[in-house]
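A.B. asks: Submitted below is the structure of interest, expressed as structure tokens.
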Amino acid sequence: MTPTLAGFLQALALVAAPALSHRPLGDYLAQVLTSARHLRAERAVYRLIGVNGDFEQTWTAYLRSVLAFSAVSVLFRYA
């Protein structure tokens, strides 16, 4: 196989893969992200960490979570 043909086939694959998979993956993500029910594994994790998965997180709680995660990340990165 010539390098030109190999490059062309690779470019074709890079265009064809997303073109063929965008519809099924989009439908799947729409179903998962708009569903009101939680999977069994999600409920187990929520129970384990003490979170109620039926409520939205407030912006202040989200800010605390982001700041705590950032602080822990900095500690692990530079420690």
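A.B. asks: To the nearest whole percent, what portion of all C-alpha pairs in the chain is separated by more than 15 angstrom?
C.D. replies: Details: 2385 of 3081 pairs.
Roughly 77 percent, once rounded to a whole number.
A.B. asks: Using the alpha-carbon atoms, what tilt in degrees (0 to 90, nearest 10) does helix 3-34 show relative to the longest principal axis of the chain?
C.D. replies: 30 degrees
A.B. asks: Treating only the Cβ of Lys, Arg, Asp and Glu as charged (+1, +1, -1, -1), what charge dipole size does segment 3-78 show about its Cα centre? Round to the nearest 20 debye.
C.D. replies: Working: 7 positive and 4 negative charges, 43 e Å.
Taking the Cα centre of segment 3-78 as origin, the dipole is about 200 debye.
A.B. asks: Report the trypsin sites (Lys or Arg not before Pro) located in segment 8-65 that are in a DSSP loop and have at most 10 other Cβ atoms inside 10 Å of their Cβ, or state none. Before the final figure, lay out the partial values.
C.D. replies: Details: sites: 37, 40, 43, 47, 64; in loops: 37.
In loop regions of segment 8-65 (DSSP not H, G, I, E or B), the sparsely surrounded trypsin sites (Lys or Arg not before Pro) are 37.
A.B. asks: Which listed residue (66, 35, 13) has the Cα farthest towards the positive end of the charge dipole for the chain, taking +1 on Lys and Arg C-beta and -1 on Asp and Glu C-beta about the Cα centre?
C.D. replies: Comparing the listed Cα positions along the dipole, 66 ranks first.
A.B. asks: What full-extension length gain, to one decimal in nm, is calculated for residue 1 and residue 45 as 0.36 nm per residue of separation minus the Cα-Cα distance? It would help to have the intermediate numbers written out before the result.
C.D. replies: Working: separation 44, 0.36 × 44 = 15.84 nm, distance 5.04 nm.
Contour length minus the Cα-Cα distance gives 10.8 nm.
A.B. asks: Give me the one-decimal nm value for the distance between modelled label points at residue 8 and residue 30, 7 Å along each residue's Cα-to-Cβ direction.
C.D. replies: Placing both labels 7 Å beyond Cα along the Cβ direction yields 3.6 nm.
A.B. asks: Turning to a different aspect of this structure: Loop only by DSSP, 13 or fewer other Cβ within 10 Å of the Cβ. Give me the chymotrypsin sites (Phe, Trp or Tyr not before Pro) in segment 10-79 that pass, ordered by residue number. Write out the running numbers ahead of the final one.
C.D. replies: Values: sites: 28, 46, 55, 59, 62, 69, 76, 78; in loops: 55.
Sites meeting the loop and neighbour criteria: 55.
A.B. asks: What nm value, rounded to one decimal, do you get for the distance between residue 38 and residue 63 when each label is placed 7 Å out toward the C-beta?
C.D. replies: Here the answer is 2.6 nm between the modelled labels.
Where a number appears in this text, it was derived from the coordinates with a stated rule and is not lab data. Just so it is clear, the structure is predicted and the values come from calculations on it, not from any experiment. FYI the Cβ positions are ideal-geometry reconstructions off the backbone, even for glycines, and counts take in every protein chain you see.
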